[in-house]
Each structure stands twice: as C-alpha cells, then as structure tokens.
Amino acid sequence: NAGVMQNPRHLVRRRGQEARLRCSPMKGHSHVYWYRQLPEEGLKFMVYLQKENIIDESGMPKERFSAEFPKEGPSILRIQQVVRGDSAAYFCASSNLHSGNTIYFGEGSWLTVV
Amino acid sequence: AQKITQTQPGMFVQEKEAVTLDCTYDTSDQSYGLFWYKQPSSGEMIFLIYQGSYDEQNATEGRYSLNFQKARKSANLVISASQLGDSAMYFCAMREDSYTGTASKLTFGTGTRLQVTL
C-alpha cells in the first residue's frame with residue numbers, strides 16, 4: 001500500500017453535487033487505475049490512465065464520470081451530478097514497467113451520497 | 001461469463017488452524033497472473049501473494065501460500081496458523097497479460113469473509 005495516496009478518505013455529497021477524488025501514484029509510477037467497490041462486492045475496473053492519456057475506459061459509466069491524469073499533479077476521478085447509486089469506495093492503484101507483479105493500491109476514498 | 005469465482009461467501013477458522021480459501025478462474029490466455037488481496041474492516045487493499053501462470057512452483061509469502069492447479073484453473077489461498085488479525089475479506093484477482101504488456105488491469109472475485117475465532 002505504501003506510496004499511493006488518495007484523498008479525501010471520506011466524502012459526503014448531496015445528490016446533484018460533484019465529487020472529485022484524487023490519487024497520487026507511487027513515485028516513478030506512470031500507470032494509474034481506478035476501481036469501484038460497491039458495498040459487499042469486489043472491486044470493478046473503471047479506467048486506466050497514463051500521463052495525459054486515457055488508455056482504457058471500458059469500465060467507466062458513459063455519463064457523469066470522467067478521469068484525467070495530467071502531466072503534473074494527481075489523477076482525478078470526477079463524478080458530476082452524483083446520485084445515491086454512486087455511493088461506493090473508489091480505489092486507485094499504480095504501477096510501472098518495473099513494479100513487477102505487485103500492484104499497489106491506495107487506501108480508498110469512500111463516497112457517500114445523501 | 002464470470003472470470004473469477006469465489007464460492008465461499010464466509011468462512012470460520014479457529015486460531016492457529018490452517019484455512020483454504022477457494023478461487024477458480026476462467027481465461028483463454030496462456031499468460032496471466034493471479035493475486036490475492038486482504039481487505040480488513042478499515043478498508044484498505046493489502047497485497048498478499050502473486051502467482052504467474054508460468055511459475056512452476058506454488059507461491060509462498062510467510063504464512064500465505066497459493067495452491068495453484070493450472071489444469072483445474074484454481075488458485076486457492078492457504079493461510080497457515082491463523083491469527084485473530086487475519087479476520088477480513090479476501091479477494092482473488094486475475095490479470096490477463098494479453099491486455100497490454102505492462103498494464104495491470106485486474107478482474108476481482110466477489111470475496112470471502114474470513115472470521116478467525118478463539
């Protein structure tokens with residue numbers, strides 16, 4: 001887990017507001033992944049990004065969700081006009097060519113929509 | 001079709017005993033990786049162990065070992081000498097290497113909740 005930083009850890013939003021979740025990968029990592037975990041379920045892949053590029057967004061809902069990983073700064077997962085069904089834990093993971101087979105996860109961000 | 005199947009929603013084990021958590025997978029790739037993660041009640045995902053499809057030996061990490069049976073497509077996690085702190089959710093996950101050479105998109109199972117008792 002060490003090194004992948006996510007914030008905020010907990011976020012409460014009212015329906016219709018926007019949620020922004022941030023992820024700073026481990027130092028030197030250029031691959032970032034976002035996963036969503038609904039209550040009592042396993043993690044589901046959402047999106048895979050490299051610096052300034054979205055490589056695979058096949059797991060992202062078509063509307064209201066977006067992600068970016070700018071040249072400078074953390075990766076951002078943005079959820080617009082949140083609904084109750086968006087309440088979940090959002091995990092970020094990072095890797096690089098040399099991280100081998102250990103995929104490092106952050107501690108997660110818990111979004112609650114009220 | 002479900003790619004990772006964990007058929008045990010919950011398991012109990014007595015302290016100091018060994019326990020096996022089941023995981024079966026489905027893939028047509030020749031090259032893939034299998035992972036186990038622990039998620040305690042605090043929520044973080046803790047990497048436990050990795051097994052590559054071409055690894056001939058079963059992976060071991062301390063009290064964790066992975067019983068890899070390729071022909072049966074199973075990758076069961078064995079925890080020896082269970083401790084109270086092992087109580088958590090355990091997730092099996094797979095990376096299919098045809099995805100891209102260096103990427104690490106994982107497919108997770110639904111998890112097994114392990115409770116260690118005195």
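The values are calculated or read from the model by the stated rules, or taken from the named source; none is laboratory data. Remember, predicted model here, so these are calculated numbers, not experimental data. Cβ: placed from backbone, ideal geometry, glycine included. Neighbour counts: every protein chain shown. Calculation scope for accessible area: heavy atoms of the full protein, side chains included, ligands and nucleic acids excluded. Shrake-Rupley method; radii C 1.70, N 1.55, O 1.52, S 1.80 Å.
What's the long-distance tail for the range A:1-99, i.e. % of Cα pairs beyond 24 Å?
Values: 828 of 4851 pairs.
That tail contains 17 percent of the Cα-Cα pairs.
Which loop-located GluC sites (Glu not before Pro) does the range A:16-93 contain, where loop means any DSSP state but H, G, I, E or B and the Cβ has at most 15 other Cβ atoms within 10 Å?
Of the GluC sites (Glu not before Pro), the ones in loops of the range A:16-93 whose Cβ has at most 15 other Cβ atoms within 10 Å are A:E18, A:E40, A:E41, A:E52, A:E63, A:E72.
Excluding A:M26 itself, calculate the net charge of residues whose Cβ lies under 15 Å from the Cβ of A:M26, where each Lys or Arg counts +1 and each Asp or Glu counts -1.
Details: positive: A:R22, A:K27, A:K51; negative: A:E107, B:E44.
Result for the neighbourhood of A:M26: +1.
For B:K16, give me every one of the lysines with a C-alpha distance below 23 angstrom, ignoring sequence neighbours fewer than eight places off in its own chain.
Excluding near neighbours in sequence, the set is B:K38.
Sum up the lysine pairs in the range A:26-114 that clear both bars: alpha-carbon distance under 19 Å and a spacing of 8 or more or different chains.
Working: A:K27/A:K51; A:K27/A:K71; A:K44/A:K62; A:K51/A:K71.
Close lysine pairs under the 19 Å cut-off: 4.
Which value, in square angstrom to the nearest 100, describes the accessible area buried between chains B and A on both sides, using a 1.4 angstrom probe? Intermediate values should be presented prior to the final figure.
Values: alone 6520 and 6710 Å², together 11370 Å².
The B and A chains share an interface burying roughly 1900 Å².
Once amide H atoms are built 1.01 Å from N in the peptide plane, which residues 5 or more positions from A:R13, or in another chain, come under 5 Å H to H?
Residues meeting the amide H criterion: A:T112, A:V113, A:V114.
Whose amide H sits under 5 Å from the amide H of B:T110, counting only residues 5 or more places off or on another chain, with H placed in the peptide plane?
Those qualifying (amide H under 5 Å, at least 5 residues apart or on another chain) are B:Q6.
I'd like the GluC sites (Glu not before Pro) in the range B:1-55 restricted to DSSP loop residues with at most 14 other Cβ atoms within 10 Å, sorted by number.
B:E15, B:E17
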